[in-house]
Amino acid sequence: MTSSTHAADVTATSFQREVIDRSRERPVLVDFWASWCGPCQVLMPMLAKLADEYAGKFFLAKVNTDQEQQLATQHGVRSLPTVKLFRDGAVVDEFLGAQPEPVIRALLDHHVPRESDGLIARAAEALESGRRDEAASLLERAVEIDPDSDRVKLARARVLTTLGRLQEAAAALDSASFDARQSDEAKAIHARLAYETLAQDAPAREALEQRAADDPADCRTREQLAARLVLDDEHEAAMEQLLEIVRRDRGYGNDAGRRHLLALFELLGPGDERVKRYRGKLATALN
């Protein structure tokens, strides 16, 4: 393969410059191949086409393992083709074998900077500052630029949820790919959406607190109060309300206390210390 603007043959001598150093500026896709490898010959033109199509958003480095056996061994190559994606000097993704083009595009799109990424970042900043309408407007522009991006779809679903545009948020979430919908980010958005929906027609928090005090067995009130508490970022207090529903009435709302508690765990993420504690409390309450 001859060198071009977006791709080059790489040797042990040039690997540091062409892969490690270059990856600090943009992603570098390294294709470890050999002339006798049939799948390599299938993959090679596809990668070259994508390098030209992406027009410099990533660089394609080709390593002929027959000539660069030590380099292949150094990078743990045991079968061909092996393709590794470098970013900031380290491998951040990889695949083995001649994968279909959509699979390779999905890998690249997860790491390659896109114009829509800047709009997502600005929208996140606007949302953090309370400028929710501005965040939504920025993401509408991102959709126009990059309508197939899962990152845009998830960001838009998050902002629409905070704006109370719940049907639109659900539609944006549902439009993402299957893999994106299984991500921790999507699960957290789905949980937030569920709490926004639950609180949509609920009385004010003060009224719910009074009702719960007057009738501790009123699970519906506790359910709505938990939703209000979640939206006020008082997550531990919400967990207590949901745990009390589990203790009092497992049959309420098709085990709503447990279901909402698990959704809150998704919202906070597995690393949250409160999630670890309340998983234990939930296990005790279920026994």
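Every number in this text was worked out from the coordinates using simple rules, so none of it is lab data. Just so you know, these numbers come straight off a predicted model, no measurement behind them. Please note: Cβ atoms are built from the backbone with ideal geometry, for glycine as well, and neighbour counts cover all protein chains shown.
Could you tell me whether residue 81 is touching a residue at least 12 places away in the same chain (Cβ under 8 Å), surrounded by 13 or more Cβ atoms within 10 Å (Cβ to Cβ) and touching a Cys at 6+ places or on another chain (Cβ under 8 Å)?
So residue 81 fits the description; yes.
How many of the residues making up the stretch 107-121 are assigned to a helix (DSSP H, G or I), among the hydrophobic types (A, V, I, L, M, F, W, C) and surrounded by 15 or more Cβ atoms within 10 Å (Cβ to Cβ)?
Summing the residues that are assigned to a helix (DSSP H, G or I), among the hydrophobic types (A, V, I, L, M, F, W, C) and surrounded by 15 or more Cβ atoms within 10 Å (Cβ to Cβ) in the stretch 107-121 gives 4.
Residues 206, 196: which one is of a type in the set (Asp, Glu), out of contact with any strand residue (DSSP E or B) (no Cβ under 7 Å at 6 or more places or on another chain) and surrounded by 17 or more Cβ atoms within 10 Å (Cβ to Cβ)?
Just one listed residue meets the conditions, 196.
Read through the list (1) under 14 Å from residue 149 (Cα atoms); (2) over 21 Å from the mean Cα position of the chain (by Cα); (3) not aliphatic (A, V, I, L, M), then give the number of the only condition that residue 102 fails.
The number of the failed condition is (2).
Quick one: residue 253 ticks every box in (1) part of a helix (DSSP H, G or I); (2) more than 28 Å from the chain's Cα centre (by Cα) bar one, so which box is it?
(1)
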